[in-house]
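What follows is a set of notes on a single structure, which appears directly below.
The values are calculated or read from the model by the stated rules, or taken from the named source; none is laboratory data. Values in this document were obtained by computation on a predicted structure and should not be read as measured data. Cβ atoms come from the backbone with ideal geometry, glycine included; neighbour counts cover every protein chain shown. Each accessible area value is taken on the protein alone, full model and side chains, heavy atoms only, with ligands, DNA and RNA left out. Shrake-Rupley method; radii C 1.70, N 1.55, O 1.52, S 1.80 Å.
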Amino acid sequence: FCINGLLYREGRHCEECLNKPKVRSIFYRCYKDSYFLSLLINRVLNRHYRIRTWQNKVDAFITATNFTKEKFVQFGIDADKIKIKPNFVFSTLRNDNYRREFKDYALYIGRLSAEKGVNLLIESWKNIKNIPLYIVGTGPEEEYCKQLIQHNNLNNVKLLGYADEKKKNVLMREARFLIVPSVCYENFPKIIAEAYANAVPVVANKLGSMREIITEGETGMFFEARKQNDLKEKVESIYCNETLLQEMSRNAYREYQLKYSPEQNYQIVKDIYKKTIERK
């Protein structure tokens, strides 16, 4: 129902096509900023909308969160057909009571693009002088991020570029916390499951599915992007609170074990297939 898949346009949320793919998405150039490609995708979606492909040809849909399920229900998919199965990741940790050794930095890992909120993150760091921030990833906003850091003399912000899985896990495990500043609706950022698998709490924008995945004060904290200095206040409130960070770390790993391990995920998806087959 959204031709760019994000419900996000020109720096803000957009649900204009939620009930039906609309021609205005062509004029907005929602797909790759192209009239032609937007027209093509719009026509494909509208054809399937008219012949009710999703309603009549699919026995079950699997999505990662209740938030996303609600959007599909608004679009017209039968709620009983939509099953929830979160993302999962593997973990090398085996002890949920261990004491994590922190290093002095906060961490962002992800695509460097506008909807991921990385510009917001760097802008917020202009007022955070004594806390190092490591940014891992590449993307279309990479050059702009460099300019933003240089222009504001942010010596405590480091762009580390691409990191393979091994390096990423090392950076994650030694960070005090992970920051997820996305300004678009996320379905289920896999990086949060990866953080929990490494016993790392998460500070995230209170938006969309984040409210389901993170428990305030237990596995992480929320900030609100529209409130000036809210991210700064939340970061500073927990950065030096090692007792709270250790407790959140243990809670994060327990959350991983309960919901996001391969074993738990396998049982969920097996049950979805079993019930779908039985219904048929």
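List of remarks:
- Reported count of residues in segment 245-280, each being under 23 Å from the mean Cα position of the chain (by Cα) and either among the β-branched types (Val, Ile, Thr) or open to solvent by 50 Å² or more (accessible area, probe 1.4 Å) (or both), is 11.
- Verdict on Glu247 being of a type in the set (Asp, Glu) and assigned to a loop (DSSP other than H, G, I, E, B): no
- Complete set of residues in segment 11-22 that are open to solvent by 60 Å² or more (accessible area, probe 1.4 Å), modelled with pLDDT of 85 or more and in a loop (DSSP other than H, G, I, E, B): Glu15
- Flag for Arg176 being crowded, with 20+ Cβ neighbours inside 10 Å, in contact (Cβ under 8 Å) with a residue 40 or more places away in the chain, under 19 Å from Glu255 (Cα atoms) and basic (Lys, Arg): yes
- Filter result for the condition that a residue is open to solvent by 10 Å² or more (accessible area, probe 1.4 Å) and in contact with a helix residue (DSSP H, G or I) (Cβ under 7 Å, 6 or more places away or on another chain), over Ala225, Ala204: Ala225
- Among residues of segment 85-129 being of a type in the set (Phe, Trp, Tyr) and open to solvent by 70 Å² or more (accessible area, probe 1.4 Å), the one that is nearest to His13 (Cα to Cα) is Phe88.
- Inter-residue pairs, beta-carbon under 7 Å, first farther than 21 Å from Arg100 by Cα and in segment 251-270, second open to solvent by less than 10 Å² (accessible area, probe 1.4 Å) and of a type outside the set (A, V, I, L, M, F, W, C), 6+ apart: none
- Every residue from segment 203-238 that is part of a helix (DSSP H, G or I), under 22 Å from Glu174 (Cα atoms) and touching a strand residue (DSSP E or B) at 6+ places or on another chain (Cβ under 7 Å): Leu231, Lys234, Val235, Ile238
- Residue match in segment 103-114 (condition: in contact with an Asp or Glu (Cβ under 6 Å, 6 or more places away or on another chain) and at pLDDT 95 or above): yes
- Within segment 233-275, the only residue that satisfies the criterion of being small (Gly, Ala, Ser) and farther than 20 Å from Arg176 by Cα is Ser261.
- The sole residue among Tyr185, Tyr144, Tyr134 that is among the aromatic types (Phe, Trp, Tyr) and either part of a helix (DSSP H, G or I) or surrounded by fewer than 19 Cβ atoms within 10 Å (Cβ to Cβ) (or both) is Tyr144.
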